[in-house]
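To keep things clear, I will list the structure first and then write my remarks on it.
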Amino acid sequence: MSRTAFVNARLLDPATGLDAPGALLVEGEAISDLGPGLFAGGVPDGIPVVDLGGQALLPGFVDMRVSIGEPGEEHKETILTASRAAAAGGVTAMVCLPDTDPVIDDVAGIEFIARRAREAKLVKVYAYAAATQSLQGRELSEMGLLAEAGALGFTDANRAISDALVMRRALSYASTFGLLVIQHPEEPSLAAGGQMNAGEIATRLGLAGIPREAEVMMIERDLRLVELTGARYHAAHVSTGAAVEAIRQAKRRGLRVTCDTAPHYFALTETDIGDYRTFAKVSPPLRGEMDRRAIVEGLADGTIDAIASDHRPQDQDSKRVPFSSAAHGVIGLETLLPLTLELVHNGRVGLLPALAALTCRPAEILGLEAGRLRKGAPADLAVVDLDRLWRVDKAALRSKSKNSPFDGRPVTGRVTRTLVDGRTVFTLDEA
Amino acid sequence: MEPAPRRAALPSRHLLAIQGLTAAEITPLLDLADGYVEQNRRPEKKSALLRGRTVINLFFENSTRTRTSFELAGKRLGADVINMSASASSVKKGETLIDTAMTLNAMQPDALVVRHPESGAVKLLADKVRCAVINGGDGTHEHPTQALLDALTIRRRKGRIEGLQVAICGDILHSRVARSNIHLLNAMGARVRVIGPPTLMPTDIDRLGVDVHHDMRRGLRDCDIVMMLRLQTERMQGQFVPSIREYFHFFGLDYAKLAVARPDALIMHPGPMNRGVEIDSELADDIDRSVILDQVELGVAVRMAVLDVLARHEVAP
């Protein structure tokens, strides 16, 4: 069995709070040993050694919200190109949304993703299945069968499950299998036609606004249904302070509720739309500065469990059009880490809690054996130069689509090597 | 001391919005337009200022008065004016806005006048062409030449804009005219109030520097200018007012509501009017109060001034 010793590393394991110089031994596909004292007396002969020169060695990131475009929109992204982007971003596991064409609402869809991921053979690609058939919000999908086939959770992707009775049944049915329901929390009737956050900027630009209240009202309704059913519930990409506060209170009441946000909700605001920049069009929309700060606060106090890239590739034809015709979404797999680290560099969130939101906490929500440095765990690892300054260059991003609003942004912290099951799937080209 | 007259100039080679313009830029443009009013009243209305220049009117949205006004403006300056409407162009065949822009750009026009149903579309197109682009109205964003012609109308009737109380009434939410007028009137030192039902008010409109009223009898008190807006049912998604009858009852302008305004208050409307919806028919025709036809006349002069400033620039190779 192949063995590799990673020495002279800064071991960072958010799950246990470990932050110490040390070494880690990969044996085959798993971590066989690690610790500050490992190889204190030198690495035994015959084990290849990788000297990390003091770089951080972390569990690979678990990105719990990614849109890929395959099947159906392979011109925007394929599982292979998304996997390359993920590997370059230190993401060793990602979960894709079911709003593909065809919709992933049957076992064949889940199996298709698994097969394409095996062929790409880079990172671990999982899928959520549609909560309702064809994402129509009416009839439930075959949740039990889909879960057996490997679906990690159930969601109608970027559509809210808006009918209260359907949501109640989805939660209640999923709870019998212990499955997770993930909501896009936005009251669709209130958000209808909206292009950006409602407010002064939308008024000046003449764009229809989506009020912030559309988010919290859906979450508050859902929390009542969670109480009614006792189910697990996850609110995706929260963007407002009110939503964070509602979830904070729900957690205090002991509800089994979790949530995530995406880097653009703490790294950008609605002012980044500027003069109709369609790369800043996302769903839910970018909010104002007060909400951005509330998201940071939610991450700092742990109310927000996870940071997901919310990667959504869009080609030029989808973005080089008037704002209200433009598709929403940004790519984010390769910028997930450095944007998260901005929170750390700004002194808002500690390093380990910030990394926990990328690793052990999403893994725990999803029930994945991932996101930890632990003996016997799969060797899904990211080597990170935490101090490396670099500039995001969309031309250099590996994603097939280039819709990054962060192009040109100076950032700190770069993934230099990524391993999945002990196999190196990415090494930073130091050209 | 009177400042020396400024030559009209704009900060950009395009006119996409009023937001960002200052009184120092607007005033010389209005002065220039004043001169064109005189030219347009002569039997011989045509000059040769833009001879050999090409102006393309590119309208993705139906329009009669704005397109005609720009067409006349171009022709009276001696330019060749081509009208293109979306129904006749390849847009219907799936060509993107940027393709259209690139295609027209290759025809070497000197100015493009663009109207589009989506906010920001004119700016998107302007970024892709070398000639001057004049916003003829984009979605619910801006309609800069309308605000300029309104300002010229006010200035000619009242002798000034600064210090006047202006009420903009009705469907503010869907109105690009309201937005351009708010920016322009604020830049020129007028006091602006907006009046309408809360359902037709954009979020945080007060941040644009206006007072917000929901009652005509209170909002119109002592105002010098009453600008009525058309109820833009074609842009509405869903119901914003319960009925036309109710709307007219509370927000339609009639003599009774106008009584609280100053006795010499002027009534303006960007047209086309919905008589009996936002304005009483008799009042609209009252030559002592309504300056709606002045607005149409001065619109041509203002557009001539804008073309004068923008369509004559030398295009970089």
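The values are calculated or read from the model by the stated rules, or taken from the named source; none is laboratory data. Since the model is a prediction, treat every value here as computed from it, not as a measurement. Using ideal geometry, Cβ is built from the backbone for each residue, glycine included, and neighbour counts are taken over all protein chains shown. Protein only, heavy atoms only, side chains kept; ligands, DNA and RNA dropped before computing areas. Shrake-Rupley method; radii C 1.70, N 1.55, O 1.52, S 1.80 Å.
Structural remarks
- Sorting B:H213, A:H311 by solvent-accessible area of protein heavy atoms yields B:H213, A:H311, largest first, with a 1.4 Å probe.
- Where B meets A: accessible area buried, both sides, 1.4 Å probe, Å²: 1600 Å²
- Label zone at B:R275 (point 7 Å along Cα-to-Cβ), backbone N below 20 Å, the stretch B:235-269: B:244-258, B:267-269
- Using alpha-carbon coordinates, inclination of helix A:79-88 to the longest axis of chain A, degrees: 60 degrees
- Rolling a 1.4 Å probe over the protein heavy atoms gives the stretch A:60-366 an accessible area of 33 Å² per residue.
- Inter-site label distance for B:V296 and A:Q133 at 7 Å from Cα along Cβ, in nm: 5.9 nm
- Once the Cβ-Cβ distance of B:T64 and B:Q239 is raised to the sixth power relative to R0 = 25 Å, the FRET efficiency obtained is 0.35.
- Here the stretch A:107-221 is treated with +1 on each Lys and Arg Cβ and -1 on each Asp and Glu Cβ, and its dipole about the Cα centre works out to around 380 debye.
- Cα centroid separation - the stretch B:12-28 against the stretch A:105-169, whole Å: 53 Å
- With both residues required to sit in the protein assembly as shown, DSSP beta bridges show an antiparallel share near 35%.
- 0 to 90° range, to nearest 10: angle between helix A:336-345 axis and chain A longest Cα axis: 80 degrees
- Against chain B, whose longest principal axis is taken from its Cα atoms, helix B:144-158 shows a tilt of about 60°.
- Convex hull volume per residue in cubic angstrom - Cα atoms of chain B: 141 Å³
- Once the Cβ-Cβ distance of A:D101 and B:E162 is raised to the sixth power relative to R0 = 56 Å, the FRET efficiency obtained is 0.45.
- Centroid-to-centroid separation of the stretch B:221-261 and the stretch A:230-246 [C-alpha atoms, Å]: 41 Å
- Convex hull volume of the Cα atoms of the stretch A:124-209, normalised per residue: 116 Å³.
- 20 °C / 1.002 mPa s Stokes-Einstein diffusion coefficient of the stretch A:1-102, Kirkwood radius on C-alpha pairs, µm²/s: 136 µm²/s
- Point-to-point label distance, A:R256-B:V212, nm (Cα→Cβ direction, 7 Å offset): 4.4 nm
- Nitroxide proxy distance, nm - points 7 Å out along Cα→Cβ at A:E227 and B:Y255: 6.1 nm
- Partner shielding of A:319-332 amounts to 4, given as the average count of beta-carbon atoms from other chains within 10 Å of each residue beta-carbon.
- Note on the stretch A:162-238: Cα-only Rg and Dmax are 14.8, 49 Å.
- Averaged over B:136-149, number of beta-carbon atoms from partner chains that fall within 10 Å: 2
- The lysines within cross-link reach of A:K402, meaning a Cα-to-Cα straight distance under 16 Å and a gap of 8 or more places when in the same chain, are A:K76, A:K281, A:K319, A:K394.
- FRET efficiency for B:D34 and A:R115, using Cβ-Cβ distance with R0 set to 60 Å, rounded to 0.05: 0.25
- Solvent-accessible area per residue, Å², over chain B with all protein chains present [probe radius 1.4 Å]: 42 Å²
- If both residues of a DSSP beta bridge must be in the stretch A:60-366, then about 5% of such bridges are antiparallel.
- Lys-Lys pairs in chain B that are eight or more residues apart or on separate chains and whose Cα atoms lie under 30 Å of each other come to 13.
- The residues of the stretch B:170-206 occluded by other protein chains by 30 Å² or more of accessible area, set against the chain on its own, are B:R179, B:T203; surface from heavy atoms, 1.4 Å probe.
- Seen through its C-alpha gyration tensor, with square-root eigenvalues sorted a ≥ b ≥ c, the stretch A:60-366 comes out rounded because a/c lies under 1.5.
- Two numbers describe the Cα atoms of the protein assembly as shown: Rg and Dmax, which are 30.4, 103 Å.
- Helix-only arithmetic for chain A: the sum of -39500 (n - 2.57) across DSSP H runs with n ≥ 4, divided by the residue total, places the mean residue ellipticity at 222 nm at -8500 deg cm²/dmol.
- Put the Cα centre of the stretch A:1-37 next to the Cα centre of the stretch A:307-360 and the gap is 28 Å.
- Of all accessible heavy-atom area on the protein assembly as shown, the percent that carbon and sulfur account for (1.4 Å): 49 percent
- Once the Cα-Cα distance is subtracted from the 0.36 nm per residue extended length, the B:R221 to B:E44 segment shows a gain of 59.4 nm.
- Counting only other chain Cβ atoms within 10 Å of each residue's Cβ, the peptide A:196-205 averages 6.
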